[in-house]
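The values are calculated or read from the model by the stated rules, or taken from the named source; none is laboratory data. In this text the structure is predicted, and so the values were computed from the model without any measurement. Heads up, the Cβs are rebuilt from the backbone with ideal geometry, glycines too, and the neighbour counts pull from every protein chain shown. The accessibility values were calculated without ligands, DNA or RNA, using every heavy atom of the protein model including side chains. Shrake-Rupley method; radii C 1.70, N 1.55, O 1.52, S 1.80 Å.
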Amino acid sequence: MSNKLDMFSSIIKSKIDKYLDKIEKHEDGYVISVKDGVVIANGLSDVMLDETVIFENGTHGIVMNLEEDCVCIICLGNFSDIKEGSLVKRTKNILSVGVGDNLLGRIVDPLGKAIDGNTPITNYTAFNPIDTLAPGVMKRKSVNQPLETGILLIDSMFPIGKGQRELIIGDRQTGKTTIAIDTIINQKNKNVYCVYVAIGQKNSSVMQVSMTLKYHDALKYTTIVSAAASDAPAIKYIAPYSGMAIAEYWMSKGKDVLIIFDDLSKHAASYRTISLLLRRPPGREAYPGDIFYLHSRLLERACRLDKKFGGGSITALPIIETQAEDISAYIPTNVISITDGQLFMVSSMFNEGQRPAISTGLSVSRVGSAAQIKAMKQVCSSLKLELAQYEELISFSQFSSDLDKSTKKILEHGKRIMLVINQIKNNTMDQFDQIIILFAVKYYLIDWIPLDKISLFKEELPTFINKHKIRKILVEKKEFTNDMINEMSALIKSFVKQFVSKIKDYDPKKYGDINIFKKF
């Protein structure tokens with residue numbers, strides 16, 4: 001029986017081989033139709049999915065659909081010259097982008113071409129494919145090193161580690177991009193390369209970002225990848241993948257990289273446009289079914305590699321824009337489930353002047369204190385609880401005028417914490433300066449400071465402590481011993497006395513006798 005089966009299978013195989021030999025294979029193809037940058041072409045018999053093709057006018061395209069008698073291609077440039085009957089040629093390559101150190105300080109498009117008006121980039125170090133597999137589990141290492149943002153609220157309560165993916169989410173005009181730019185600015189002299197991917201932004205906005213980074217001397221270690229609002233949907237679709245390919249080059253060399261995606265809402269919208277033009281079936285909110293895969297395969301490439309594989313890392317800060325603070329919409333819920341935490345921006349806080357306008361209740365970092373040094377853990381362990389108590393009591397106090405002493409104390413302390421974590425844009429803080437200020441908060445040493453003097457206190461306290469030896473010891477040990485706690489508290493107490501003595505209208509009855517500090 002088995003001999004008969006083998007004979008039949010060999011006959012069938014030989015007939016299939018003869019049939020395939022008769023089929024004429026077409027390496028080239030011809031355009032059948034062009035609609036809004038989507039080209040349908042016949043021929044191209046052996047073309048691969050996601051392969052790059054080139055048209056007669058020099059425009060490149062990516063093969064997105066393989067159908068029975070034709071292929072669908074999205075154009076990556078000018079398609080006005082592409083007409084019915086135009087020739088299409090295979091390149092036999094997946095789309096790649098030029099990478100290397102010569103991209104630092106430049107603004108490039110998603111194809112790697114310079115668009116900042118300076119000399120063209122010709123000497124790329126290498127070409128990386130824009131869409132690659134994420135590193136496997138065995139190549140990765142757990143996240144345990146902090147990536148300092150310079151923003152006190154984030155570094156203390158929602159720490160970001162090297163290799164983490166932290167989502168920044170909120171409505172328009174709530175300071176999302178400001179957090180990302182401040183984080184880039186804070187990487188100065190920290191040996192971290194940065195990639196800022198602008199998706200669907202106005203050219204003027206991208207230039208403003210570039211000028212801000214240049215002013216703070218941060219452009220020299222940053223590459224800006226820009227897919228403007230006026231660009232074709234296909235260009236916006238490949239932008240984050242190009243940015244990730246550029247970042248992966250440095251990660252493979254053992255470098256730490258920070259990448260910003262501003263924003264993935266517009267990226268999802270551009271992919272939806274492409275998918276509908278390709279006649280793919282729409283699903284929830286008209287997005288195609290593979291929209292989750294679109295962002296998951298992108299963000300999974302951000303990780304920290306084991307030392308055996310170079311030890312580099314990519315930290316991703318994707319940005320998502322919500323409508324009316326609806327985080328239950330399709331794209332926000334998708335990206336929340338992919339990332340390692342989120343910073344939720346609240347419009348009401350922003351309008352009240354709180355910067356950054358991050359909700360401490362809705363925000364989370366799933367890496368948590370693993371991405372903090374011990375000294376930071378010691379001083380911020382109770383901060384979130386104190387803020388939660390304050391937020392609960394502040395709403396309760398609106399309905400009651402008669403409050404007991406303990407409630408008043410919690411409210412007064414909470415007001416000072418809110419002022420301490422308030423931080424103007426482009427004004428980042430050193431990690432150890434943050435620790436010194438949070439030390440004063442933890443042990444209630446700021447309660448003698450009038451509310452309108454908190455910002456001045458924040459500026460002068462680190463300068464005072466930095467003159468003493470304890471600052472150097474803290475930087476070396478990265479933790480507080482009992483002796484260091486006593487010494488630090490004594491120094492801060494002496495500074496508080498000096499600071500208060502300079503305030504002309506200081507009222508000891510309101511804030512307490514400065515010569516009597518509570519033991520802790």
Tell me the label-point distance for the pair M138, S455, using the 7 Å Cα-to-Cβ offset, in nm and rounded to one decimal. 5.6
State the extension gain, in nm to one decimal, for the chain segment bounded by N93 and K502, taking 0.36 nm per residue of separation less the distance between their alpha-carbons. 140.2 nm
Just to confirm the number: angle between the C-alpha axis of helix 405-420 and the first principal axis of the chain, 0 to 90 degrees, nearest 10? 50
Degrees, to the nearest 10: 482-501 long Cα axis against longest axis of the chain: 70
For Q201, other-chain or 5+-apart residues with amide H closer than 5 Å (H placed, Pro excluded) are A227, A229
Distance between Cα centroids, region 322-360 to region 255-284: provide it in whole Å. 19
May I ask for the net charge around N203, where only other residues with Cβ less than 13 Å from the Cβ of N203 are counted and Lys, Arg are +1 while Asp, Glu are -1? -2
Straight distance only, please: which lysines reach the Cα of K15 with their own Cα at less than 30 Å, same-chain residues fewer than 8 apart left out? K4, K25, K92
Direction-averaged shadow area of the convex hull around the Cα atoms of the chain, nm²? 33.4
Per region 168-210, sqrt(5λ) over the Cα gyration tensor eigenvalues, sorted largest first, in Å, gives 20, 14, 9
Count the DSSP beta bridges whose two residues both fall in the chain, then state the antiparallel fraction as a percent rounded to the nearest 5. 55
Keeping all protein chains in position, work out how much accessible area K493 exposes to a 1.4 Å probe, and write it in Å² to the nearest 10. 50
For region 351-478, what is the convex hull (Cα atoms) projected area averaged across all directions, in square nanometres? 9.2
In degrees, nearest ten, helix 454-465 long axis to first principal axis of the chain (Cα): 90
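Given the DSSP H assignment, sum -39500 (n - 2.57) over each helix run of at least 4 residues in the chain and divide by its residue total; what's the result at 222 nm in deg cm²/dmol, nearest 500?
Counting only the DSSP helices, I get -12000 deg cm²/dmol.
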Within 13 Å, Cβ to Cβ, of Y221, how many net charges do the neighbouring residues add up to if Lys/Arg are +1 and Asp/Glu are -1? +3
With all protein chains present, how much of the accessible area of the chain (probe radius 1.4 Å) comes from carbon and sulfur, to the nearest whole percent? 53
Which of D447, D6, D402, D46 is most accessible, then next, and so on - probe 1.4 Å: D402, D6, D46, D447
Summed residue charge, Cβ within 9 Å of G150's Cβ, Lys/Arg positive, Asp/Glu negative: -4
What is the dipole size for region 124-273, taken about its Cα centre, with +1 at each Lys and Arg Cβ and -1 at each Asp and Glu Cβ, in debye to the nearest 20? 240
